[in-house]
1. Considering (1) of a type outside the set (Phe, Trp, Tyr); (2) surrounded by fewer than 18 Cβ atoms within 10 Å (Cβ to Cβ); (3) closer than 28 Å to Pro14 by Cβ, say which one Ala63 fails and leave the rest.
2. Just one of the numbered conditions (1) in a loop (DSSP other than H, G, I, E, B); (2) under 23 Å from Thr112 (Cα atoms); (3) of a type in the set (D, E, K, R) is not true of Lys75; which one?
3. Any idea how many residues of the range 19-42 are under 12 Å from Tyr93 (Cα atoms) and part of a strand (DSSP E or B)?
4. Do the conditions hold for Gly15, that is, is it at pLDDT 95 or above, under 22 Å from Ser62 (Cα atoms) and assigned to a loop (DSSP other than H, G, I, E, B)?
5. With respect to Lys64, is the statement that it is at pLDDT 95 or above and either part of a loop (DSSP other than H, G, I, E, B) or among the polar types (S, T, N, Q) (or both) true?
6. If you scan the range 19-44, which residues turn out to be open to solvent by less than 50 Å² (accessible area, probe 1.4 Å) and more than 21 Å from Asn73 (Cα to Cα)?
7. Which one is most open to solvent (accessible area, probe 1.4 Å) among residues in the range 79-100 that are more than 24 Å from Gln13 (Cα to Cα) and not polar (S, T, N, Q)?
Amino acid sequence: QVQLVESGGGLVQPGGSLRLSCATSGSIFSIYYMGWYRQAPGKQRELVAAITSGGGTNYANSAKGRFTISRDNAKITVYLQMNSLKPDDTAVYYCNVRNSYGGYWGQGTQVTVSS
């Protein structure tokens with residue numbers, strides 16, 4: 001089993017920044033994928049950004065140029081730096097981690113962008 005704990009969400013004004021963190025613990029072997037997803041009220045959960053064990057990254061079009069995903073291999077933690085936030089970025093953000101045993105989700109952290 002893999003446990004994920006997200007942090008860093010909160011209320012921010014449009015144009016502001018937040019940094020989300022997702023710390024892992026448990027059977028953290030052979031993680032090959034770490035990603036951030038988000039789900040706004042009434043909408044489906046969608047990919048925001050992902051990073052593979054090889055360092056490759058993938059971003060949603062809405063995140064390109066504003067968000068940066070990174071990871072700390074020593075701490076087995078994945079981060080999402082979010083800049084130039086917009087009200088449309090308001091959602092619950094979830095961390096997803098995958099290894100050879102399966103995929104795991106965190107509990108989510110709320111991001112609210114509002115003036």
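The values are calculated or read from the model by the stated rules, or taken from the named source; none is laboratory data. Since we're looking at a predicted model, the values are computed, not measured. So basically every Cβ, Gly included, is an ideal-geometry build from the backbone, and we count neighbours across all protein chains shown. Accessible surface areas use protein heavy atoms only, side chains included; no ligands, DNA or RNA. Shrake-Rupley method; radii C 1.70, N 1.55, O 1.52, S 1.80 Å.
1. (2)
2. If we test Lys75 against (1) in a loop (DSSP other than H, G, I, E, B); (2) under 23 Å from Thr112 (Cα atoms); (3) of a type in the set (D, E, K, R), just (2) comes out false.
3. Selection size over the range 19-42: 9.
4. On the way: at pLDDT 95 or above: yes; under 22 Å from Ser62 (Cα atoms): yes; assigned to a loop (DSSP other than H, G, I, E, B): yes.
Yes.
5. Numbers: at pLDDT 95 or above: yes; either part of a loop (DSSP other than H, G, I, E, B) or among the polar types (S, T, N, Q) (or both): yes.
Against the criterion (at pLDDT 95 or above and either part of a loop (DSSP other than H, G, I, E, B) or among the polar types (S, T, N, Q) (or both)), Lys64 qualifies.
6. Arg38, Ala40
7. So in the range 79-100, the residues more than 24 Å from Gln13 (Cα to Cα) come out as 96-100.
Filter once more, so that each one left must be not polar (S, T, N, Q): 97-98.
Working: Val97: 0, Arg98: 78 Å².
Once the filter is applied, the top-ranked residue is Arg98.
Residues are listed down the side, and each one gets a yes or a no for (1) surrounded by 15 or more Cβ atoms within 10 Å (Cβ to Cβ); (2) over 14 Å from the mean Cα position of the chain (by Cα):
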| position | (1), (2) |
| --- | --- |
| Val2 | yes, yes |
| Gly9 | yes, no |
| Glu46 | no, no |
| Ala74 | no, yes |
